[in-house]
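As structure tokens, the structure follows; a few thoughts come after it.
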Amino acid sequence: MVKRYLLVLLTACLWLSNSVAQTSDSLIVDCLQKEGVKFSRNNSVTLLMNGQEKFDDMFSAIRQARSSVHLEYFNFRNDSIANMLFDLLAEKVKEGVEVRALFDAFGNSSNNRPLKKKHLKSIRQRGIEIYEFSPLRFPWINQVLHRDHRKIVIIDGQIAYTGGMNVADYYIKGTKQVGEWHDMHCRIDGDEVNTLQAIFLRIWNKTAKQNVHGAKYYRGVRGGYYFEGLKPDTCATAGKKMVGIINREPRTTNRIIRTFYAGAINNAKDSIKIVTPYFTLIPKIKKALRKAAKRGVKVEVMISERSDIPLTPDCVFYNAHKMMKHGVDVWVYRPGFHHTKIIMVDGKFCTVGSANLDARSMRFDYEENAVIVDPCTTRQLNDMFEGDKKKSFLLTPEYWKTQRTGWQKFRGWFAHLLAPWL
């Protein structure tokens, strides 16, 4: 009788121990580590909540650069903020700082103020090395495949910036088409800067046909932290945050972005909050969201009333309506275009990066996200989400019935058929 009691007690303890250990954050870390993602625990992560904060902070850091500035963007829009950036970078070149910049050829041609050959010639004459990733050439098939959509800046190998913003005035000023352009970035200080540097140098060497390498580009070689006047990480966990970088590259890490999002949603216990500009969804993510809502997780998604791309908003509303019918709360942001790409799960972990919830980010493009396993950073993003809900309306069956026309609904149905390419 005593042996049976002890056996039952031991079994109960083991079950309790396993159930406590298997929280959503530990599960996602285990999942990503099996995919080869490495996590470090000595990071600070400072959230830059809008374009003004991002550019002010990044420009301040670049002014203090002593060795190298590396930039990788989908595009540099030929406007005032890009001109200010290139002027600053040229000044750093005069000081002996190595400056390397990459931009995507399709990303450049798809914006309404691209860098032209004369602009690139002028930039290079000032000592800035700048290259175009995957130039567009006949028969132009690479226009729709494998674009470099990442946004990474590394300064002296000591600090790094990543998130959803390219270099353009509209992140500060908005546009006539959509109004306010809401997006965010983050600054990382810790070992994951090395991971981002390695990502940059790999694609730089591939594109520029160079062999830039060496310890001087990574943390741990020079003296201590010397950047001043930057926005601080105000969390008690600053300098101790667990962060991993998920980096999607064709043929090598094809599935890592969709593995993360599916794993994050499938392992959620209590809550999921998502902000995404292009809620066009692949089937795996649709299924995960439906299952999460069905098992009682509070799932909230924020989309935008307006968008910068034709047809895509129709697909977004089509999916939003389907998710609403499965118990997902869909918030529609009204002041402008919410271009942010974040997810927060159970108040335990979050991500900030370049990947959208669309087929391009999940299956085709070069993408990169920082996965931040930290309740404080996650809470900061949750607070932003709650604040933005006050500027949004909740999608309801009544709204769908009375405010969406038959033509809009048809366009949504048609657009969702094109979702694998949107």
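Under the rule of at least 5 residues apart or a separate chain, name every residue whose amide H is placed under 5 Å from the amide H of Lys240.
Asn43
In a GNM of the chain with a 10 Å cut-off on Cα contacts, which of Val97, Val212, Val153 has the highest mean-square fluctuation?
Val212
Scan around Ile130 for amide H atoms under 5 Å from its own, H built in the peptide plane at 1.01 Å from N, and keep only partners 5 or more places away or cross-chain.
Ala101
Taking R0 as 56 Å, what's the FRET efficiency between Phe138 and Ala236 from their Cβ-Cβ distance, rounded to 0.05?
Calculated value: 0.50.
Taking the chain as a Gaussian network, Cα atoms linked when under 10 Å apart, which of Gly327, Gly244, Gly164 shows the biggest mean-square fluctuation?
Maximum among the listed residues: Gly327.
Which one of Tyr366, Ser354, His338 has its Cα pushed farthest toward the positive end of the charge dipole of region 314-422, where Lys and Arg give +1 and Asp and Glu give -1 at the Cβ?
His338
For region 109-114, what does the Karplus curve 6.51 cos²θ - 1.76 cosθ + 1.60, with θ = phi - 60°, yield as ³J(HN,Hα) per residue in whole Hz, taken in order and with x for Gly and Pro?
Calculated HN-Hα couplings, in order: 6, 7, 8, 7, 9, x Hz.
Extension gain Phe410-Ala208, at 0.36 nm per residue separation less the Cα-Cα distance, in nm?
68.1 nm
When the chain is modelled as a GNM with alpha-carbon springs shorter than 10 Å, which of Asp104, Asp30, Asp156 fluctuates the most?
Asp30
Apply the Karplus parameterisation 6.51 cos²θ - 1.76 cosθ + 1.60, with θ equal to phi minus 60°, to every residue of region 208-219 and state each ³J(HN,Hα) to the nearest whole Hz, in sequence, with x for glycine and proline.
Once rounded to whole Hz, the list reads 8, 6, 10, 9, 6, 7, x, 5, 5, 8, 10, 5.
Whole-Hz Karplus ³J(HN,Hα) for region 159-170, in order, using 6.51 cos²θ - 1.76 cosθ + 1.60 and θ = phi - 60°, x for Gly and Pro?
These are the phi-based 3J(HN,Hα) values: 9, 9, 10, 8, x, x, 9, 8, 10, 7, 4, 5 Hz.
How much length is gained if the chain between Tyr226 and Met84 is pulled fully straight, taking 0.36 nm per residue apart and subtracting their Cα-Cα distance, in nm to one decimal?
Residue separation times 0.36 nm, minus the Cα-Cα distance, leaves 48.8 nm.
Mind jotting down the distance between the C-alpha centroids of region 263-280 and region 354-422, whole Å?
Result: 10 Å between the Cα centres.
For region 68-141, count all C-alpha to C-alpha pairs, find those more than 17 Å apart, and express that count as a whole percent of the total.
Looking at region 68-141, the distances longer than 17 Å represent 42 percent of pairs.
Calculate how many DSSP beta bridges within the chain are antiparallel, expressed in % of all such bridges and rounded to the nearest 5.
60 percent
Considering only C-alpha atoms, what is the centroid distance from region 112-167 to region 194-215, in Å?
Cα centroid to Cα centroid, the span is 14 Å.
Can you give the FRET efficiency to the nearest 0.05 for Gln22 and Lys294, using r as the Cβ-Cβ distance and R₀ = 30 Å?
0.90
Taking 7 Å along the Cα-to-C-beta vector as the label spot, tell me the Glu398-Lys121 distance in nanometres, rounded to one decimal.
Going by the 7 Å Cα→Cβ label model, 6.3 nm.
Report the GluC sites (Glu not before Pro) located in region 159-235 that are in a DSSP loop and have at most 10 other Cβ atoms inside 10 Å of their Cβ, or state none.
Passing sites in region 159-235 are Glu228.
Summing -39500 (n - 2.57) over the DSSP H runs of n ≥ 4 in the chain and dividing by its residue number, what mean residue ellipticity at 222 nm do you reach, to the nearest 500 deg cm²/dmol?
Result for the chain: -12000 deg cm²/dmol, rounded to the nearest 500.
Can you pull out the trypsin sites (Lys or Arg not before Pro) in region 167-239 whose DSSP state is coil and whose Cβ has at most 11 other Cβ atoms within 10 Å?
Those that pass, being in a loop and sparsely packed, are Lys176, Lys209.
Near the amide H of Lys298, under 5 Å away, which other amide H atoms are found, from residues 5 or more places off or on another chain, if H is placed in the peptide plane?
It is Ser271, Ile272, by chain and number.
Counting only C-alpha contacts under 8 Å and six or more residues apart, can you give the relative contact order of the chain as a whole percent?
Relative contact order for the chain comes out at 19 percent.
With the calculation restricted to Cα positions, what are the radius of gyration and Dmax of region 11-167 in angstrom?
20.4, 72
What is the projected area of the convex hull of the Cα atoms of region 130-172, averaged over all directions, in nm²?
4.7 nm²
Using the structure shown, select from Lys322/Lys409; Lys269/Lys391; Lys294/Lys348; Lys116/Lys209; Lys291/Lys348 the pairs with a Cα to Cα distance greater than 18 angstrom.
Lys269/Lys391; Lys294/Lys348; Lys116/Lys209; Lys291/Lys348
Each reported figure results from applying straightforward, stated rules to the coordinates on display, with no laboratory input. A quick note: this is a predicted structure, and the numbers were derived from the prediction, not measured. Every residue, glycine among them, receives a Cβ derived from its backbone with ideal geometry; neighbour counts consider all protein chains shown.
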